[in-house]
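What follows is a single structure, written as structure tokens, with notes after it.
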Amino acid sequence: VQRSFYEPRFMELGSYVGLKNYIDFFTTAHGWTTIGNSLLFTFASVTLTVPFGLVLALVINRPLPFRTAIRTILIMPWIVSQTIAGLLWSWLLNPSFGPVNYILGSQFGLRAAFFQDPGTAMAATVVVNVWQSYGLAFVLLLAALQTIPEELYEAAELDGAGRWAMLRWVTLPSIRSALAVTLIMLTLHNINMVTLILVLTGGGPANATETLSIRVFNEAFQFQNMGQASMVGVIIAVLNVVFSVAYLRIVRRQPEGA
């Protein structure tokens, strides 16, 4: 926090500039673009990841052959490091030799530079992030589903409830706390994400995927502007505190033994 009010030079604190770093950030289009990118990336990723993880959890929660093996395969993207995931998808979607573009070119005569086009870079990055992080939602929600007493479903079935009615009136209310915790954890995960975006796009093209966390990295290590980097770090820290407090409140509201 202290460094955000100065112009640090390497390890030295530098001269005091007051709110200059904050004013420079919030009075430029670049600053608001960075905030918008962070909100878009976080909202789009969470909106896609949670329903996808929930659907998979509902399917795997049913008696299936090889369920343990399938469950292991499904959580593998979450286990893989963000660096490896980024390199993998950079190769898959490479416009020159990637297999996805090869299929698009051979079958449909199309070729797309997903990470090099400002119009598609953010969408492609979100898709990769969903693939890499859905495992967290899947594991948390599957664990919550397995705690629902079977008697609730039996009672609902006796009342004539169908699958959709059971999902709406039994399943979703029973895992409401787990859903809230999953939303908050994924939000924190996405707000602080650096490695995956850095490997895929580096914040480009034309700042189309530059989030707050990438802005910190660029300001600190590319432009040596530690004052701006510290200031953006403060913004991220405030967002983390807000969501962490919400997370703690949700956990404390859970009944004992839940």
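The values are calculated or read from the model by the stated rules, or taken from the named source; none is laboratory data. Remember, predicted model here, so these are calculated numbers, not experimental data. Neighbour counts are summed over all protein chains in view; Cβ atoms, including those assigned to glycine, are modelled from backbone coordinates with ideal geometry. The protein model used for the area step is the full one, side chains on, heavy atoms only, and it has no ligands, DNA or RNA in it. Shrake-Rupley method; radii C 1.70, N 1.55, O 1.52, S 1.80 Å.
With the condition kept exactly as written, say whether any residue in region 33-53 is part of a helix (DSSP H, G or I), at pLDDT 85 or above and more than 22 Å from Asn129 (Cβ to Cβ).
There is no residue in region 33-53 that is part of a helix (DSSP H, G or I), at pLDDT 85 or above and more than 22 Å from Asn129 (Cβ to Cβ).
Going through region 143-176 one residue at a time, which ones are assigned to a helix (DSSP H, G or I), farther than 23 Å from Leu48 by Cα and of a type in the set (D, E, K, R)?
Matches in region 143-176: Glu150, Glu151, Glu154, Glu157.
Given the structure, is Ile75 in contact with a Gly (Cβ under 6 Å, 6 or more places away or on another chain), among the β-branched types (Val, Ile, Thr) and at pLDDT 90 or above?
For Ile75, the condition - in contact with a Gly (Cβ under 6 Å, 6 or more places away or on another chain), among the β-branched types (Val, Ile, Thr) and at pLDDT 90 or above - is met.
Give me the residue from region 103-142 that is assigned to a helix (DSSP H, G or I) and more than 26 Å from Ser81 (Cα to Cα) and, out of that set, least open to solvent (accessible area, probe 1.4 Å).
Going through the qualifying residues, I end up with Gly105.
Of the numbered conditions (1) free of Cβ contacts under 8 Å to residues at least 60 places away in the same chain; (2) more than 17 Å from Leu39 (Cβ to Cβ); (3) open to solvent by 30 Å² or more (accessible area, probe 1.4 Å); (4) not acidic (Asp, Glu), Thr195 fails exactly one; give the number of that condition.
(1)
Only residues that are over 20 Å from the mean Cα position of the chain (by Cα), small (Gly, Ala, Ser) and loosely packed, with under 15 Cβ neighbours inside 10 Å: list them for region 20-67, please.
Scanning region 20-67 gives a single hit, Ala29.
Which pairs have Cβ atoms under 9 Å, sit 6 or more apart or on different chains, and link a residue in region 38-54 that is closer than 16 Å to Thr211 by Cβ to one that is open to solvent by 70 Å² or more (accessible area, probe 1.4 Å)?
Val46/Leu183
Out of Val1, Val80, Val100, report the one residue that is open to solvent by 40 Å² or more (accessible area, probe 1.4 Å), over 17 Å from the mean Cα position of the chain (by Cα) and modelled with pLDDT of 90 or more.
Val100
How many residues, within region 219-232, are buried (at least 20 other Cβ atoms within 10 Å of the Cβ) and not hydrophobic (A, V, I, L, M, F, W, C)?
Of the residues in region 219-232, 4 are buried (at least 20 other Cβ atoms within 10 Å of the Cβ) and not hydrophobic (A, V, I, L, M, F, W, C).
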